[in-house]
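Here's the structure we're looking at; comments come further down.
The values are calculated or read from the model by the stated rules, or taken from the named source; none is laboratory data. Just so we're clear, the structure is a prediction, and the values are computed from it rather than from any experiment. We place every Cβ from the backbone using ideal geometry, glycine too, and count neighbours over all the protein chains shown. Surface accessibility is based on the protein's heavy atoms, side chains included, excluding ligands, DNA and RNA. Shrake-Rupley method; radii C 1.70, N 1.55, O 1.52, S 1.80 Å.
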Amino acid sequence: MYVDCVNSVLQIIIYVLAIVLLIALIIFTVKGIKTLKKVDAIMDDLEAKSQKLNGIFEIIDYTTEVMTSVTEKLGTIFSSGIMNLFTRKKRKKEEKKDE
């Protein structure tokens, strides 16, 4: 009789602990879902901000390309001007030698 009483008390304790564990798991699951919703909102915000930054970087890239092409054209004009200046001097020296 004593053993039956202990068995039934142990079963009740196990059932109570199982119920407590089930409630704790439900609470942790609900908190996990809330946390994932917050993380999802943060990720959406970061994605929107990164898209804005991509636009800014595209503008910077375009500006850099324009500046590079302008610099190349100016360098070409400057170097061809210097080459023309030296070739004119060289021609004048050759003409003086020929005279």
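Before moving on, here are some points about what is shown:
- The angle separating the long axis of helix 2-98 from the principal Cα axis of greatest extent in the chain is about 0 degrees.
- Radius 13 Å from Cβ of E58, net charge of other residues (Lys, Arg +1; Asp, Glu -1): -1
- Solvent-accessible area per residue for region 1-82 (1.4 angstrom probe, square angstrom): 92
- By accessible area, using a 1.4 Å probe on protein heavy atoms only, the chain has 69% of its surface on carbon and sulfur.
- Compared with the alpha-carbon gap, the fully stretched path from K73 to V30 is longer by 9.0 nm at 0.36 nm per residue.
- Cα convex hull volume per residue for the chain (Å³): 106
- Here T87 and S50 are evaluated by their C-beta separation; at R0 = 35 Å the FRET efficiency comes out at 0.05.
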